[in-house]
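**Student:** Take this structure, written in structure tokens, and hold onto it; I'll ask about it next.
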Amino acid sequence: MRRTSYRRPFAAALLAASVLAPMTTTPAAAFHATDVRPAGAHTAGVRATGAGGYGDDGTGSSLGPALTARLDKAVADVRKQAGIPGVVVGLWMPGKGNYVRATGVADKRTGRPMSAGDYVRIGSETKTFTVTALLELVDRHKVRLDDPISRYVPGVPGGRRITLRQLAEMRSGLFPYTSDADFEHDLLSDPQRVFTPRELLAYGFKHPNTFAPGAQFEYSNTNLILLGLVVEKVTGHKLRDVIERRVLRPAQLRHTLFPKGNEFPKPHPQGYTNQTLSGEVENSTNWNPSWAWAAGAMISNLQDLRHWAKVVATGTLLSPETQAQRLRTLPTGFPGTTYGLGIFNASGWIGHNGSLPGYETVTVYLPSKKATLVVMLNTDITYQGQEPSTLVARAVTEIVTPDNVYAGAVVNP
């Protein structure tokens, strides 16, 4: 089973996207385009007026006809090749122009086109919100990054030697609970099940730690579940409420939420996954994301993600000192990608990807050009071992920022 925000979190694009040939560490899914996109839907949902103009839904391009045509073709080619039902791409490059496209279908049954106004499940991009909430506590001198997790959460294997910093860096050595066979079976047997944070941790704590704290990088959602519990312990409030008050409101993100259950604001696309017990493609739109909680449960839309990309990459909500700590990235073992405190640097693009059954996103900011890229799509089915969102992000950046081609995600075996 692929884990996103499950195993591919940052995968990294993890569930978000992978683009390098080396990303063959994730087995290619048995998947055919006909399983994902109905015949004749390859042109459905192109919601733009073309270069120089914008449609009522905000789609369009001001990059000029030639560059717009190249981007249109690149996105269409990836969508057709990987069998992606629908995709939204937003690119904003100050001084050069913008490009927003929604193409393909949001619903394979009805043929409803994908829209730039759709909400999507953002998977592991949730990590950027959870870690921002933690770092805001650092700025308020409520916690320290080098505190041991045992100070806040009892029962963590080796918890006296694992720091909050190492949890946020994915260098704790704690076993990823999403790699546990019982967890996989329990989730896929009942996708509507409500998991508690303690139940999730129990799946991981059954296993020995995989390495000494700080020794290496391993993407593990276990880390973020613990950081979510730290935020709750220190504040005395539910994580979703802390994120709402201390992150979403200050950042003016009015279309981003941490759901209580499987609620999903409309409009939203249907999500399609083959992370199922049978391996067949299923509709995962209403699966309960409680299994991902602080690591991957949130929902957002294109315009909020566009704004958040710059906020999180530039540290608008944090002190300069704390933001500098966040951006101190370390090697992951995946070419072109380093990881900091709940954030990655992929060939200069700073941000995170997200993925969970049925949905993938990439939200990144390129400081050298003040450029923002957001990708949203309604499948997580890999193509030749690579996440489809990575393929889209790479195709776009190969054209618009050839010196900074999105490197993709890091995927643990």
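The values are calculated or read from the model by the stated rules, or taken from the named source; none is laboratory data. Since this is a predicted model, take the numbers as computed values, not measurements. Cβ sites come from the backbone with ideal geometry, for glycine too, and all protein chains shown count toward neighbours.
**Student:** Give the residue that is surrounded by the fewest Cβ atoms within 10 Å (Cβ to Cβ), with candidates limited to residues of segment 133-155 that are part of a helix (DSSP H, G or I) and either in contact with an Asp or Glu (Cβ under 9 Å, 6 or more places away or on another chain) or in contact (Cβ under 8 Å) with a residue 24 or more places away in the chain (or both). First the steps, then the outcome.
**Tutor:** Taking segment 133-155 and keeping what is part of a helix (DSSP H, G or I), we get 133-139, 149-151.
Now narrow it down to the ones that are either in contact with an Asp or Glu (Cβ under 9 Å, 6 or more places away or on another chain) or in contact (Cβ under 8 Å) with a residue 24 or more places away in the chain (or both): 133-139, 149.
On the way: A133: 27, L134: 27, L135: 25, E136: 22, L137: 20, V138: 21, D139: 14, I149: 25.
It comes out as D139.
**Student:** Can you tell me which of L253, L229 is assigned to a helix (DSSP H, G or I) and within 21 Å of the chain's Cα centre (by Cα)?
**Tutor:** Numbers: L253 fails: assigned to a helix (DSSP H, G or I).
None of the others qualify; the one that does is L229.
**Student:** Looking only at segment 108-132, which residues are part of a strand (DSSP E or B) and on the phi > 0 side of the Ramachandran plot?
**Tutor:** Taking segment 108-132 as the starting set, the residues that turn out to be part of a strand (DSSP E or B) are 113, 119-121.
Within segment 108-132, none qualify.
**Student:** Right, here's the next one. Restricting to segment 191-221, give me the number of residues that are part of a loop (DSSP other than H, G, I, E, B) and within 23 Å of the chain's Cα centre (by Cα). Talk me through it step by step, then tell me what you get.
**Tutor:** Our first condition is that a residue be part of a loop (DSSP other than H, G, I, E, B); within segment 191-221, this holds for 191-196, 206-220.
Cutting the leftovers down to within 23 Å of the chain's Cα centre (by Cα) gives us 191-196, 216-220.
Of the residues in that region, 11 qualify.
**Student:** So if I check each of T110, T196, T130, T163, which one is under 30 Å from L317 (Cβ atoms), among the hydroxyl-bearing types (S, T, Y) and surrounded by fewer than 15 Cβ atoms within 10 Å (Cβ to Cβ)?
**Tutor:** Working: T110 fails: under 30 Å from L317 (Cβ atoms); T130 fails: surrounded by fewer than 15 Cβ atoms within 10 Å (Cβ to Cβ); T163 fails: surrounded by fewer than 15 Cβ atoms within 10 Å (Cβ to Cβ).
Result: T196 is the single residue among T110, T196, T130, T163 that is under 30 Å from L317 (Cβ atoms), among the hydroxyl-bearing types (S, T, Y) and surrounded by fewer than 15 Cβ atoms within 10 Å (Cβ to Cβ).
**Student:** I've got another one for you. Which of the numbered conditions does W308 fail, given that it passes all the others? Conditions: (1) farther than 21 Å from V231 by Cα; (2) in contact with a helix residue (DSSP H, G or I) (Cβ under 9 Å, 6 or more places away or on another chain); (3) surrounded by 19 or more Cβ atoms within 10 Å (Cβ to Cβ).
**Tutor:** Going through (1) farther than 21 Å from V231 by Cα; (2) in contact with a helix residue (DSSP H, G or I) (Cβ under 9 Å, 6 or more places away or on another chain); (3) surrounded by 19 or more Cβ atoms within 10 Å (Cβ to Cβ) one by one, W308 breaks only (1).
**Student:** Then there is this: So for segment 52-69 (the condition being among the aliphatic types (A, V, I, L, M), touching a strand residue (DSSP E or B) at 6+ places or on another chain (Cβ under 7 Å), in a loop (DSSP other than H, G, I, E, B) and at pLDDT 95 or above), does at least one residue qualify? First the steps, then the outcome.
**Tutor:** Residues of segment 52-69 that are among the aliphatic types (A, V, I, L, M), as a first pass: 63, 66-67, 69.
Imposing the further condition that a residue be touching a strand residue (DSSP E or B) at 6+ places or on another chain (Cβ under 7 Å) reduces the set to 63.
Going one step further and asking which of them are in a loop (DSSP other than H, G, I, E, B), we end up with 63.
Subset that is at pLDDT 95 or above: 63.
There is at least one residue in segment 52-69 that is among the aliphatic types (A, V, I, L, M), touching a strand residue (DSSP E or B) at 6+ places or on another chain (Cβ under 7 Å), in a loop (DSSP other than H, G, I, E, B) and at pLDDT 95 or above.
**Student:** Still on this structure, I have one more. So how many residues does segment 156-182 have that are touching a residue at least 60 places away in the same chain (Cβ under 8 Å) and outside any loop (DSSP other than H, G, I, E, B)?
**Tutor:** The first filter runs over segment 156-182 and keeps only residues touching a residue at least 60 places away in the same chain (Cβ under 8 Å), leaving 156, 164-165, 167-171, 176, 178-179.
This time we only want the ones that are outside any loop (DSSP other than H, G, I, E, B), so: 164-165, 167-168, 178-179.
Final tally of qualifying residues: 6.
**Student:** Does segment 272-292 hold any residues that are buried (at least 20 other Cβ atoms within 10 Å of the Cβ), of a type outside the set (G, A, S) and part of a loop (DSSP other than H, G, I, E, B), and which are they?
**Tutor:** Within segment 272-292, N274, Q275, V281, W287 qualify.
**Student:** Quick check on this structure: which one of F264, F217 is in contact with a Lys or Arg (Cβ under 8 Å, 6 or more places away or on another chain) and either closer than 19 Å to T130 by Cβ or small (G, A, S) (or both)?
**Tutor:** Numbers: F264 fails: either closer than 19 Å to T130 by Cβ or small (G, A, S) (or both).
Testing whether each residue is in contact with a Lys or Arg (Cβ under 8 Å, 6 or more places away or on another chain) and either closer than 19 Å to T130 by Cβ or small (G, A, S) (or both) leaves just F217.
To keep it simple, each residue is scored yes or no on (1) without any contact (Cβ under 8 Å) to a residue 12 or more places away in the chain; (2) surrounded by fewer than 24 Cβ atoms within 10 Å (Cβ to Cβ); (3) of a type outside the set (D, E, K, R); (4) out of contact with any helix residue (DSSP H, G or I) (no Cβ under 7 Å at 6 or more places or on another chain).
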{"position": "D380", "(1), (2), (3), (4)": "no, no, no, yes"}
{"position": "Q384", "(1), (2), (3), (4)": "no, yes, yes, yes"}
{"position": "S389", "(1), (2), (3), (4)": "no, no, yes, yes"}
{"position": "I399", "(1), (2), (3), (4)": "no, yes, yes, no"}
{"position": "P402", "(1), (2), (3), (4)": "yes, yes, yes, yes"}
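**Student:** Just checking, how many residues over segment 294-325 are closer than 14 Å to V131 by Cβ and within 13 Å of the chain's Cα centre (by Cα)? Quick ask: steps written out before the conclusion?
**Tutor:** If we filter segment 294-325 for residues that are closer than 14 Å to V131 by Cβ, which is where we start, we get 294-296, 298, 308, 311-313, 315, 317-318, 322-323, 325.
Restricting the remaining residues to those that are within 13 Å of the chain's Cα centre (by Cα) gives 294-296, 298, 308.
Matching residues across segment 294-325 total 5.
**Student:** Still on this structure: Suppose we keep only residues that are part of a helix (DSSP H, G or I) and of a type in the set (K, R) within segment 300-340. Which one would you say is nearest to K370 (Cα to Cα)? Give the derivation first.
**Tutor:** To start, the set of residues in segment 300-340 that are part of a helix (DSSP H, G or I) comprises 302-314, 320-326.
Those left that are additionally of a type in the set (K, R): 306, 310, 326.
Values: R306: 12, K310: 8, R326: 19 Å.
Filtering first and then ranking leaves K310.
**Student:** Filter segment 87-107 down to residues that are crowded, with 24+ Cβ neighbours inside 10 Å and either among the aromatic types (F, W, Y) or part of a helix (DSSP H, G or I) (or both), then give me how many there are.
**Tutor:** 1
**Student:** Would you mind stating whether T338 is touching a Pro at 6+ places or on another chain (Cβ under 9 Å), surrounded by 17 or more Cβ atoms within 10 Å (Cβ to Cβ) and over 16 Å from L135 (Cβ atoms)?
**Tutor:** yes
**Student:** State which residue is surrounded by the most Cβ atoms within 10 Å (Cβ to Cβ) when the search covers only segment 222-271 and only residues that are among the polar types (S, T, N, Q) and farther than 21 Å from L377 by Cβ. Outline the logic, then answer.
**Tutor:** Narrowing segment 222-271 to residues among the polar types (S, T, N, Q): 222-223, 235, 252, 256, 262, 270.
Okay, now just the ones that are also farther than 21 Å from L377 by Cβ, so 222-223, 235, 252.
Numbers: T222: 27, N223: 30, T235: 18, Q252: 11.
Here the residue is N223.
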